Structures are given as structure tokens and as C-alpha cells.
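The values are calculated or read from the model by the stated rules, or taken from the named source; none is laboratory data. This structure is a prediction, so every number in the text was calculated from the model and none was measured. Cβ placement follows ideal geometry from the backbone for every residue including glycine, while neighbour counts extend to all protein chains displayed.
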Amino acid sequence: MPPMGPRGRGEGIQKPKNAKKTLSHILKYIGRNKALLFVVLFALILSTLCSTGASYWLKPILDGVEESIKGGTFATEGVRQLMLNLAIVSLFYIGASLFSFIQSKIMVKVAYKTTNNIRKDLFDHLQTLPLKYFDSKTHGEIMSRFTNDVDNIQLMLEQTIVQFVSSIFSFVSIVVMMIVLKWQLFLVALAFLVIMIVNSVNIAKNTRKYFKAQQEALGAMNGNIEETIEGMKVVKVFNHEQQAIEEFDELNSKFRKVATNANFYSGIMGPCGTGINNALYATIALAGGMLVLSHTLGIGTFFTFLGYTRQFRQPIDQIMNQMNNIFSALAGAERVFEIMEMDSEVDDGTVTLSMEKNADSKQWFWIDGDKKIPVEGKVVFENVDFSYVPEKQVLKNINLYAKPGQKIAFVGSTGAGKTTITNLINRFYDIQEGSITYDGIDIKRIKKNDLRKSLAIVLQDTHMFTGTVMDNIRYGRLDATDEECIEAAKLASAHSFIRRLPDGYNTKITGDGESLSQGQRQLLAIARAAVADPPVMILDEATSSIDTRTELHIEHGMDRLMMNRTVFVIAHRLSTVRNSDAIMVLE
């Protein structure tokens, strides 16, 4: 039976579209820690040299033993030299560990500082993006940039890059030492190296293909599980348990098949590499042994070269393994920097908002150069055309005149453009044709922050932020006093239920206010708008989640809230729009 409904999709190993550009962005961030990076590089080189040098220093030890055996004696001087060489080897290994520890600790610090700066810049830039960006992306997609993608950058800086560079240094130093010891034997190793690379590349092609299929199958299966759990009530209501089981079994079986293939190919890479490396080791041992027997190669040189042969494959494997991690991290970084390169919301407005307070009242003014215009709340649409995408027009030739203090209601079917009109008043989107004026001023001439400060909006889907109840009300105006917040709550009829909370106004809200009912959250949203006390109010299904009894209870408060303001109301309930001065029907 084919699966029903949308499915999540996983992603296999990805490559960035422009690795060079993405890497240059990362280098700008880590370049802020040049001194630390220099220490890391210096420690990394010393660690590699110490590790390689320790293996090389076995040669004089073995040569000394060979000479003693040939001479038939092991003099005190020989013992002394042996102990000295062993001490030097020990110092090399201690140095390798010490320098490796130093570069690891410093690189962790660099990685955390870098990703901290990237997260901060990403979050700061998100605040400047237009609303249409957030409307075009899912929350999960944006969140994954902060979590998965930035975490992959951190892992790359903290471990992958260091291991990658270290492996390159190790490989080069091993090759140099092998050439110095016996270049003829190195040519044998070089032939096996070509075989290793060809084998790894061929296996990697198949592995990548099957792992991509595995990730897609895993994403589909996880999507099915999430969809079924979230819709369990619907599944049980319609007796679809057996169908859900069959769908899951099909997806689970597909995942098992592709996962088996993926892990088979990834599993044979290790044994194949080990087999080739063992063949190399045996060949070098045979060829080197013959040279030793013919007295053209010393025992010390032979065993030292043999030791490097055993180490020969390790950096190659590490380089190939880290390449995939680097590509995945760069692909994630590319997605992060794509957001950071997006154009910020354009604001060419010059008209600002000012408020004058006296003992009993306050007055808002538009400041247009030398002119000081009282804010009345007169909003006019003239021949407005608008579309979110060019091929689908939402509003055509809309004309609207809202006098100061009027209540204008919008009704119509879903998708008719009711909320769109309020989005245009806020300048979340700009119109294609016509004009919108606010107190006779084209809203494009008003600075967006000042325009939005003169408006308050109560949405159907209310959102609470982590903090206290008081903090969430004060979100409407950050400089509001506790007394003003309490008065706003009373106006919204939220005061009584807030007092019944465990800590009243100091009760902590977490998880988008999940401990509160939808109606309580909406009352807090109304209180938040009330404390802002703006000239224009927008109510987008503001009472849709409040029962009729509660709506009647707060009706007087809502009337007081809307008094002497221009109010735009979007509603389905007739009771909400019956006292409107004008009702606009959108189709």
C-alpha cells in the first residue's frame, strides 16, 4: 500500500555549490583568532614531527644492537648509548602527545568562539529580514541552520580540519622519511598507494549512492512515524491502525534493504584497505629482508622502513574520511551564509513618530522635516494591487477609507486577502500598484519602525515568549511600568485569571505558554496590544479562541480598548463585527 501524506526527507553526504566562497566566509571568522591559529599550526607541526621522529629514532637503536651482536659484545658505552636513544624516543612520544593536547585545546576554543560569532551574526541578520522570508520557510528549516549546520561547522573546526591537516603533514613526513631511508622500496609502496586510492574511490562512489538512498528512506520512515503519532486521534477515530501498520512496514522494509546495501559497501572498504596494506607490508618485508641478507640494507633501516609501511595507510584513510565531513560541514555553512547574504528589509522612510506626554494625556505626532503632524489614524487605500507571487494576484484595485476612530471590519472566505490588507498596513509587504496613506503621508515615506510603533496587532495565533506574565504583557511596550501592564490586563479582562496563577504576574511562561489555555493566551495578547496604546489597532481573529461567555465578559473592555482609535477587525463571528462603522467583504 503506498504511503499517504507528506514525508520528511533526509539528506545524504552533500557537497557545497561554491566551496571556495563558503570557505572564504569561514576564514574571515576564524581569522579573528590569528594568534591562536598560529599556535595551533605550530603545535600541530611539532606534534607530527615528534611522532614521525620517534619512529625514525628506532633506526640508531637497532643499528647499535646490530653492531653489538656482530662484535659479540655489549659494552658499557653501548648500553649507555642505547639508554640515551630510548630516552630520546620517549621524549619524542611525550612531545607528540603534549603538542597534540595543546593544539586540541586551543582549537576547541577557536571553534566555539567562531561558531558563537556566526550564531550571533545569523540571529542579528534574521531580525533585519523581511517577513516574506519567514513566510517562505518552515520553522524547522530556519532552526536547522542554528543547530545542525552551525554544529557541523563547529565540529569541522574543532576536529575535522585539525585531523585533516595533521594527516596531510603525517603522510608527507612519512613519505619523506621512506625516501630518505630507501627510495627504491618507496617506489614499491607508491605502486600500492595507487591501488589503494583507485579501490577507495570506486567503493566510495557506490557507498555514497546507497547512503543517500538510506537517508531518504530514513527520512520517509521518520516522517511516517511523526505523522502517525501526531495524528493518532484521527487514526483511531477512522480505525486506520492496520493501514498505519502496513504503511510503516513497507517503509521500514525499504529502509532495511537500502541500509544493508549501504553498510555492505562501507564495510568492505576497511577490509579491502587492510588487505592491500598487508600485501604491501609483506612485499616490503620480503624485498627488504632480501636486501638485508645481501648486506645492502641495515637492520635498523629495514625495521624503521617497515614501521613506516605499517603507518603508511592510516593518514590516507583519515584524509578520505575527513573529506566527507568537510564537504558536509561546508554544505551546511553554505546554507548559513546564504541567509546572511540575503538583503535586509529596505527602509527608505524619513518620517518619524514622536510622542508628547503631559500629566493627564499623551499625543502622537509625525515628524516630517520641519513639519509636525498630529497622528489621527486616518488610513486610505487608493487603487491598490498586490500579489505575493507575480502569477497570482491577491488584491486588485482595492479602495478603502478609514476615518480616525472608525472600526472597519473585513469578512470573506479564507484566502480572500483579509489578513493581507493588515500586512500591507504594517508594510510587511509592499504593494505593486496604487498607494496607502496614513494621515495623508504615503506609508513608504514613514520609517518602518515608527510606522509599526503606531500600530498594535492581536493575531489569531498568539505567541508567548519565555519569561513572566508581566514580561509578556510588557512586550507591547518595553518601557511600560508594572502599573500600566496591570491596567492593560484589566482592560483585556485578563487580570482575574492572572491573579489565580501560582505567582500571579510573576508566573513563569515557557514553551509558548503551553501551561495556559488558548483563550488565556489570547487575553494576554490583547493586554499586550493594550499596553502599547497605539493610534491604530488591528484585531486579526482576536477573539476566535475565546468562548462566547468570555467574549461577552470582555466586550466592554474591548470597546474601551478600541475607543478613539482606528480599528481594523478581521473576524468570522457576526458578534465581533456588528458594531463596525463599515464592513468590507472580500472575495
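Points worth noting:
- In the range 480-510, residue nearest to the chain's Cα centre (by Cα) [restricted to those that are in contact (Cβ under 8 Å) with a residue 40 or more places away in the chain and over 14 Å from L523 (Cα atoms)]: T510
- Yes/no for G300 being touching a Ser or Thr at 6+ places or on another chain (Cβ under 8 Å), farther than 30 Å from K371 by Cα and either in contact (Cβ under 8 Å) with a residue 40 or more places away in the chain or among the charged types (D, E, K, R) (or both): no
- Test: residue in the range 444-457 that is surrounded by 16 or more Cβ atoms within 10 Å (Cβ to Cβ) and over 37 Å from the mean Cα position of the chain (by Cα): no
- Checked against the criterion of being surrounded by fewer than 18 Cβ atoms within 10 Å (Cβ to Cβ) and closer than 30 Å to D348 by Cβ, the candidates K109, K209, K113, K132 yield just one match: K132.
- Failed condition for Q243, given (1) over 30 Å from P271 (Cα atoms); (2) in contact (Cβ under 8 Å) with a residue 24 or more places away in the chain; (3) touching a helix residue (DSSP H, G or I) at 6+ places or on another chain (Cβ under 6 Å): (3)
- Filter pass, Q215 being crowded, with 17+ Cβ neighbours inside 10 Å and either over 30 Å from G53 (Cβ atoms) or under 39 Å from the mean Cα position of the chain (by Cα) (or both): yes
- Scanning the range 430-443 for residues that are buried (at least 17 other Cβ atoms within 10 Å of the Cβ), over 33 Å from the mean Cα position of the chain (by Cα) and not in a strand (DSSP E or B) returns D439, I443.
- Failed condition for N325, given (1) modelled with pLDDT of 85 or more; (2) part of a helix (DSSP H, G or I): (1)
- The requirement of being closer than 18 Å to A532 by Cα and either exposed (fewer than 14 other Cβ atoms within 10 Å of the Cβ) or touching a residue at least 12 places away in the same chain (Cβ under 8 Å) (or both) is fulfilled somewhere in the range 410-424, by at least one residue.
- Subset of the range 123-158 (residues that are among the β-branched types (V, I, T) and in a helix (DSSP H, G or I)): I142, T147, V150, I153
- V346 vs. criteria outside the structural domain of K205 (by the TED database) and either within 27 Å of L218 (Cα to Cα) or surrounded by 15 or more Cβ atoms within 10 Å (Cβ to Cβ) (or both): no
- All of (1) small (G, A, S); (2) modelled with pLDDT of 85 or more; (3) more than 21 Å from A527 (Cα to Cα); (4) in a loop (DSSP other than H, G, I, E, B) hold for A416 with one exception: (2).
- Which listed residue is closer than 30 Å to I61 by Cα and surrounded by 18 or more Cβ atoms within 10 Å (Cβ to Cβ), from T309, T296: T309
One line per residue, one yes/no per condition, for (1) part of a strand (DSSP E or B); (2) at pLDDT below 90; (3) in contact with a His (Cβ under 9 Å, 6 or more places away or on another chain):
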{"position": "E345", "(1), (2), (3)": "no, yes, no"}
{"position": "M355", "(1), (2), (3)": "yes, yes, no"}
{"position": "W364", "(1), (2), (3)": "yes, yes, no"}
{"position": "E382", "(1), (2), (3)": "yes, no, no"}
{"position": "D385", "(1), (2), (3)": "yes, no, no"}
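- Lone unmet requirement of (1) in a loop (DSSP other than H, G, I, E, B); (2) under 41 Å from the mean Cα position of the chain (by Cα); (3) touching a residue at least 60 places away in the same chain (Cβ under 8 Å) for R427: (3)
- Restricting the range 548-580 to residues that are at pLDDT below 70 and either of a type in the set (D, E) or touching a Pro at 6+ places or on another chain (Cβ under 7 Å) (or both), the residue that is nearest to L459 (Cα to Cα) is E551.
- Helices (runs of 4 or more DSSP H) fully within the range 1-99 counting 2 or more residues that are surrounded by 14 or more Cβ atoms within 10 Å (Cβ to Cβ) and modelled with pLDDT under 85: 34-56, 58-71
- The set of residues from the range 140-164 being over 13 Å from I26 (Cβ atoms), under 14 Å from the mean Cα position of the chain (by Cα) and β-branched (V, I, T) comprises I142, T147.
- The test for being at pLDDT 80 or above, closer than 19 Å to A456 by Cβ and assigned to a strand (DSSP E or B) does not hold for M584.
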